[in-house]
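The values are calculated or read from the model by the stated rules, or taken from the named source; none is laboratory data. As the structure is a prediction and not an experimental result, all values here were calculated from the model. Cβ atoms come from the backbone with ideal geometry, glycine included; neighbour counts cover every protein chain shown.
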Amino acid sequence: MSYKTLSSAIRGLFCVLVLSGSGCVGIQNGPNLGFAGVPIPVSPFFQDKKEDEFWLQERYKRVPVLEPLTAGGPHVALDPPSDDEVMWALEKARPTEGGLPFLYSVHRNNVRIVKEKIADYVDPPRFVPLIGPAQLHHAHYKCTIYFSEVKRIGWPVPHTLRDDEVQEVVYIDHNHFHMVGNVDTH
């Protein structure tokens, strides 16, 4: 056997060993998924969307059930909306996400938020499924957001639009339940 044939046979054997050892080609241990085993690229947009949905559900879409209201106690709402919640509401009303870099983008700078409580009242007691007798406590807030907006347009004629005195108003409702009567918390 000549030296060329032997060296090419050794190279071929080495390539087969390397490829089969990587798990991509050739001998596989375990189940073979066929076409379903090939990774499919997914846009980061869908991942961000799912993470945002989870964040909103975890933080803002749940209604807490609190202790009963006492006769002489305060009947005021828990907390005003957080700055994060106000910005989520603004983003839902006027989205800035989804712009194309170097073609169109919107930025909000120097954000200032003013929160005003416009209503705070408690409904009469009623029976709520899965909770029992409860009262619904409503708190309505008017949130005014002041910011400067910068729009960068890159095509067909690149230019930047600046509006330093933008004012937006969003209304946020906070609701929570109060139990009614003698509640055994054990």
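Overview of results
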{"quantity": "Any hit, the stretch 99-108, residues being over 23 Å from W55 (Cβ atoms) and of a type in the set (K, R)", "calculated": "no"}
{"quantity": "Selected residue [under 30 Å from P158 (Cα atoms) and within 26 Å of the chain's Cα centre (by Cα)] from A77, A93, A139", "calculated": "A93"}
{"quantity": "Selection status of K49, part of a helix (DSSP H, G or I), at pLDDT below 90 and surrounded by 10 or more Cβ atoms within 10 Å (Cβ to Cβ)", "calculated": "yes"}
{"quantity": "Single condition E58 does not satisfy, out of (1) at pLDDT below 90; (2) under 14 Å from the mean Cα position of the chain (by Cα); (3) surrounded by 12 or more Cβ atoms within 10 Å (Cβ to Cβ)", "calculated": "(3)"}
{"quantity": "Filtered residue count, the stretch 52-102, keeping only those that are touching a helix residue (DSSP H, G or I) at 6+ places or on another chain (Cβ under 8 Å) and aromatic (F, W, Y)", "calculated": "2"}
